[in-house]
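Step one of this worksheet: look at the structure below.
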Amino acid sequence: MIDKLEPAREENQQPVRILAIESSCDETAAAVVENGVRVLSNIIDSQIPIHRRFGGVVPEVASRRHLQAIWPVTQQALAESGLSPQQLSAVAVTSGPGLVGSLLVGVSFAKALAYAWEKPLIDVHHWQGHIAALQLERQMPAEYLALVVSGSHSGLLKISPQGLFPLGMSHDDAAGEAFDKIARALYLPYPGGPEIDKAAKNGRADAVAFPRAWLEGSDDFSFSGLKSAVLNYLNRRRMKGEDFSPAEINDLAASAQEAICDVLSAKAVAAAQREKLPLIALAGGVAANSRLRALLQQRAAAVGIETVWPNPVYCTDNAAMIGAAAYSHFCRCRFAPLSLNADPRKPFSPLDAVDKTATPANA
Ligand code: KG4
Ligand code: ZN
């Protein structure tokens with residue numbers, strides 16, 4: 001049984017090299033990561049140009065493209081790592097959350113590789129991957145607050161040696177989803193987040209006072225009210241036959257972006273202060289947003305809290321982050337059975353720990 005294989009198969013001092021596969025949405029990605037921190041290769045086949053003409057991800061189209069891309073992408077990741085399959089320690093894959101058809105391609109493929117190459121299989125939660133991306137570029141402290149903001153999820157998590165503990169999350173639209181839907185209403189191309197970021201640089205953030213859902217007393221988020229407010233504002237104006245100049249589009253982009261970043265940054269800083277955490281780490285695709293970074297840094301610094309975020313390539317979906325997260329599972333011998341299935345609503349467990357102190361020798 002693959003799930004009974006143990007890292008004792010490796011010499012204790014030998015590097016742990018994991019081939020990781022990520023296909024939860026519209027990126028087909030494969031990477032080889034050594035000891036959870038050293039990226040030997042990181043290949044991403046983005047489907048953005050394919051979905052752009054539809055204004056968003058078309059799940060069926062995404063699955064088909066993953067099928068075409070997954071083997072060439074994996075071959076390239078292996079070739080660039082300079083390793084043969086025999087030199088790998090394990091195969092890791094994102095099993096959820098995400099689009100079920102997309103996930104299924106990655107999960108089935110990773111299971112086939114693990115079986116054929118007789119390697120242990122590691123199951124990684126997508127959000128844990130986004131958080132683990134942080135350790136690829138820096139040494140992370142034992143305790144910090146993670147603000148994970150992507151197209152499918154917005155959440156605050158307390159990271160400690162005991163595990164990853166969700167403090168709050170969005171129960172409706174994720175921050176990235178709000179960016180994408182608002183951008184679409186402004187006739188900006190997909191994906192909307194980077195387009196709003198760009199347009200907002202030439203706009204006035206106080207042009208329109210869009211609402212903020214503070215959800216006092218909780219660390220949860222809600223962005224559906226803001227999205228509706230923007231759509232209603234645009235519809236009211238369009239029904240009167242009014243059109244929007246490029247300058248006005250920039251103002252609307254800046255105002256909507258400000259509403260999202262205001263709530264995310266203020267709530268993250270309040271949670272970090274309450275939990276006495278010295279550092280806030282941004283992760284996920286929306287972590288690439290320039291206004292979010294600036295506002296969070298400014299507000300956190302004002303109360304003596306540090307901030308970090310990954311480089312853009314590790315913010316959006318990639319497989320290196322999955323390889324980084326898989327290392328902690330490897331160290332704990334937490335392997336998945338070959339019956340592993342894709343789970344589009346995969347629940348998050350606090351046991352999805354990132355323990356950077358664990359090594360195969362002391363796990
Ligand atoms: O993490 P990710 O690649 O995929 C998911 O796990 O969902 O995040 C994609 C999301 C998209 O919604 C995209 O619009 C958003 O990240 N995004 C941004 C920026 N770059 C990507 N949102 C705001 N500003 C950006 N610069
Ligand atoms: Zn993601």
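The values are calculated or read from the model by the stated rules, or taken from the named source; none is laboratory data. Everything numeric in this text was worked out from a predicted model, so none of it was measured. Neighbour counts are summed over all protein chains in view; Cβ atoms, including those assigned to glycine, are modelled from backbone coordinates with ideal geometry. Heads up: the accessible areas ignore ligands, DNA and RNA and are worked out on the full protein's heavy atoms, side chains in. Shrake-Rupley method; radii C 1.70, N 1.55, O 1.52, S 1.80 Å.
At-a-glance table
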{"read-out": "Net charge over other residues, Cβ less than 12 angstrom from the Cβ of Arg38 (K, R count +1; D, E count -1)", "value": "-1"}
{"read-out": "Among 242-248, 301-307, 105-111, 183-189, the order from most to least packed when residues are scored by Cβ within 10 Å on average", "value": "105-111, 183-189, 301-307, 242-248"}
{"read-out": "12 Å beta-carbon shell around Ala133, net charge (K/R +1, D/E -1)", "value": "-2"}
{"read-out": "Share of carbon and sulfur in the accessible heavy-atom surface of the chain [1.4 Å probe, %]", "value": "52 percent"}
{"read-out": "The chain: calculated mean residue ellipticity at 222 nm from DSSP helix runs of at least 4, using -39500 (n - 2.57)", "value": "-13000 deg cm²/dmol"}
{"read-out": "Cα centroid separation - the range 88-138 against the range 150-164, whole Å", "value": "18 Å"}
{"read-out": "Inter-label distance for Arg345 and Arg237, nm, one decimal - labels placed 7 Å from Cα along Cα-to-Cβ", "value": "3.7 nm"}
{"read-out": "Order of exposure, largest accessible area first, which applies to His171, His126 with probe 1.4 Å", "value": "His171, His126"}
{"read-out": "Solvent-accessible area of Met169 with every protein chain in place, 1.4 Å probe, in Å² to the nearest 10", "value": "60 Å²"}
{"read-out": "Net charge dipole size for the range 39-166 [Lys, Arg +1 and Asp, Glu -1 on Cβ; Debye, nearest 20]", "value": "280 debye"}
{"read-out": "Protection proxy ranking, peptides 310-323, 211-224, average beta carbon neighbours within 10 Å, highest first", "value": "310-323, 211-224"}
{"read-out": "Leading residue at positive end of dipole, the range 1-132 (Cβ point charges), from Leu99, Gln76, Ile18", "value": "Leu99"}
{"read-out": "Under the span-like rule (Cα at least 20 Å along the axis, Kyte-Doolittle mean at least 1.0), DSSP H helices of the chain", "value": "100-117"}
{"read-out": "Percent RCO, i.e. relative contact order, over the range 16-122, from Cα pairs under 8 Å lying at least 6 residues apart", "value": "34 percent"}
{"read-out": "Relative packing of 279-291, 38-50, 20-32, 127-139, which averages over residues the other C-beta atoms within 10 Å, highest first", "value": "20-32, 279-291, 127-139, 38-50"}
{"read-out": "Net charge of Cβ neighbours under 11 Å - reference Arg299; Lys, Arg +1; Asp, Glu -1", "value": "0"}
